[in-house]
Structure formats: C-alpha cells, structure tokens
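Values quoted throughout were computed directly from the atomic coordinates according to the rules given, and no laboratory measurement underlies them. Everything numeric in this text was worked out from a predicted model, so none of it was measured. So basically every Cβ, Gly included, is an ideal-geometry build from the backbone, and we count neighbours across all protein chains shown.
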Amino acid sequence: MKLRELYTVLKDVLKEASESPGSEALSILSKVTSQTRERLLMNFEEEIDENVCQMAISLSKKRANGYPLQYITERCYFHGLELYVCEGVFVPRIETELLVDLALELIEERSFKVVADIGTGTGCIAIAIALESRCEVLATDVSERALETARRNIERYKVHVQLLKGAYLAPLRSVLDDVQLIVSNPPYVSTRAELPADVKKEPHEALFAGEDGLEFYRNFFSDPSLLARKTIIMEMSPEQEGPLRDLLKGLGTLTFLKDQFSRTRFFRLDVA
Ligand code: SAM
Ligand code: GLN
C-alpha cells in the first residue's frame, strides 16, 4: 500500500473518535515508520511494508476505541517541551502550563531558591521550572513508573531535578525546612465522576481523590505545622473553590487563580 492510501485508511478509522483525524493519523504513521511528520509528507507516494500497514491500522483502531494518542506515540507536549510518556503515567494538560507560569512569577518576585513538585508524573512541572529558573528543584511521586518516566525526561533535558519516592510530604522530611515553594497538580477528581474514555485509561492514583475529590488536599494539609512559612500553589477543579475555602480556613492567606479558560483552577496558600 502507498503511504497516501494508508493515510486515508487511518484517517477514516479515526474520524469518529478524533477531532483531528488527519493529524493523529500522521502521528501514528510517524511512530510506526520512525520518520518525522515532515518527512512523511514529502514521501506520500512511497510503498509501505505490509507489516507496518497492519501495525498502523491496529494502533488507529486502538486509538478510535479511546486509548490516548500520547500513549501510542509515547510523546506529549508541555510548556514548549517534548516529553516521553507511557501508559501508567498521567498525560500533562494544557491548564497545568499556567501553574508553571504562576510558580515562575513567584520565584522571581520572592527570590525563592528551593521548590518541590509533589506528584510529578512525567516531571513536566519540575523540568519546566528547573529550565526557566535558578531554583533547586525536588520532585516526588508515589508511582515508580512515574518516577522512571520523569528520570528519562530529566536526562533528556539535562536539568538537575532530584527525584524522591513517597506520598505527600513524607519524602521531603529531611529537606522540608529549606523548601520555600511547593507546587502540585494532585489527583482531584471525584470517584463518582464519569470520565471520557481516554482519561479512563490513565492511572487511577493520578486522577481520583475520594468521593469528593478532596482526599489529597485533606491529607496534605493535615499537619499545617509542616508548612510554616511556605507558599503552596496547587491545581484544583473549578467546583472545589467552596470546599477548599473551608478546608484551608485559618491556615494562611488563600488566593484562587483562573486558568486560560477563565475557570478557577489553582489556589495559592501563603502560610504564616
Ligand atoms: N504533575 C504531573 C502533571 O501535571 O502532569 C502529574 C499530575 S497527576 C494529576 C498526579 C500525580 O500525583 C500522579 O503522578 C500520581 O502518581 C501522583 N500522586 C498521587 N497521589 C500522591 C501522593 N499522595 N503523594 C505524591 N504523589 C501522588
Ligand atoms: N484535569 C484532569 C482531567 O482531565 C484531572 C487532573 C487531576 O486530577 N489533577 O480529568
């Protein structure tokens, strides 16, 4: 089959499931042929090996059934970075890019020197901050798969980010005094929520935080004495503003911030 024909077949398989079937077809072709999209576009008349065709068609079907494209291509994009990602690790979202910008502004304004990213996943937030500031960056996760992925991305960008395994503040215990800023995009989805098919393929522990989606925050802020004189910026769901106001009452100065779609998406807590 010629590449041109294969491209049409894939686009057809993907058209129900995807908003950009042409672009996704090219991404899948790029993965199975190990060629860049630009190169593929220049070689549309080339004959493609039957095995490669079958592989591309089967991956497109998998995608059409709701498997995330990023797990197929093992690539995702965040804050101008191209990162490795694989099944078992959360795919960074565009909203979270703003969390990085908010952190960078604060780092500059307050001359913060040590930052910790809790629940780093691919390492996206930590790597973006390490590349764009002079901070010492620590990053944690409970998931070994996430830490391996973050390690790979840290090596790719040749940045210094120290990875630590464990839940909440536990892995930071020995260095916590030095940490001035904590950033996190934690799990905050309610276990009752109905999620789109592709989101459902992402790791449970990355998304869900109990029936009300607040379990991570409740545990994280359970011992406020650990957070004295620190600033914390976290991502949240827009519906959690009220419950978070209650949960964080009395802990410090609380500010809610919007994402690029004008939805309340982050809070900043300055603990006295
Ligand atoms: N920071 C990444 C991003 O924005 O793309 C990943 C965010 S994902 C929504 C949440 C991450 O937190 C997952 O990688 C998950 O393994 C990790 N995680 C879940 N519970 C945790 C806990 N109690 N302590 C530390 N990390 C946790
Ligand atoms: N925004 C994510 C979603 O698409 C949830 C992210 C999170 O729990 N941190 O469902």
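General remarks:
- Apart from one condition, Val137 fits all of (1) away from ligand 1 (no atom under 12 Å from the Cβ); (2) more than 21 Å from Arg93 (Cα to Cα); the exception is (2).
- Matching residues in the stretch 215-248 - criterion: being in a strand (DSSP E or B) and closer than 17 Å to Arg173 by Cβ: Ile232
- Only residues that are within 12 Å of ligand 1 (Cβ to nearest atom), over 17 Å from Ala116 (Cα atoms) and either crowded, with 19+ Cβ neighbours inside 10 Å or acidic (Asp, Glu) (or both) were counted in the stretch 208-230, giving 4.
- Elements of the type strands (runs of 3 or more DSSP E) sitting completely within the stretch 70-161 and holding at least 2 residues that are within 16 Å of ligand 2 (Cβ to nearest atom) and buried (at least 20 other Cβ atoms within 10 Å of the Cβ): these cover 75-78, 114-118, 136-141.
- Of all the numbered requirements in (1) closer than 22 Å to Val91 by Cα; (2) surrounded by 18 or more Cβ atoms within 10 Å (Cβ to Cβ); (3) out of contact with any strand residue (DSSP E or B) (no Cβ under 9 Å at 6 or more places or on another chain), Asn65 misses one, and that requirement is (2).
- Qualifying residue in the stretch 14-23 (condition: within 16 Å of ligand 1 (Cβ to nearest atom) and of a type in the set (A, V, I, L, M)): no
- If you go through the stretch 1-17 and keep only what is surrounded by fewer than 18 Cβ atoms within 10 Å (Cβ to Cβ), of a type outside the set (Lys, Arg) and out of contact with any strand residue (DSSP E or B) (no Cβ under 8 Å at 6 or more places or on another chain), you end up with Glu5, Thr8, Val9, Asp12, Glu16.
- Complete set of residues in the stretch 177-200 that are surrounded by 13 or more Cβ atoms within 10 Å (Cβ to Cβ), in a loop (DSSP other than H, G, I, E, B) and away from ligand 2 (no atom under 12 Å from the Cβ): Val179, Gln180
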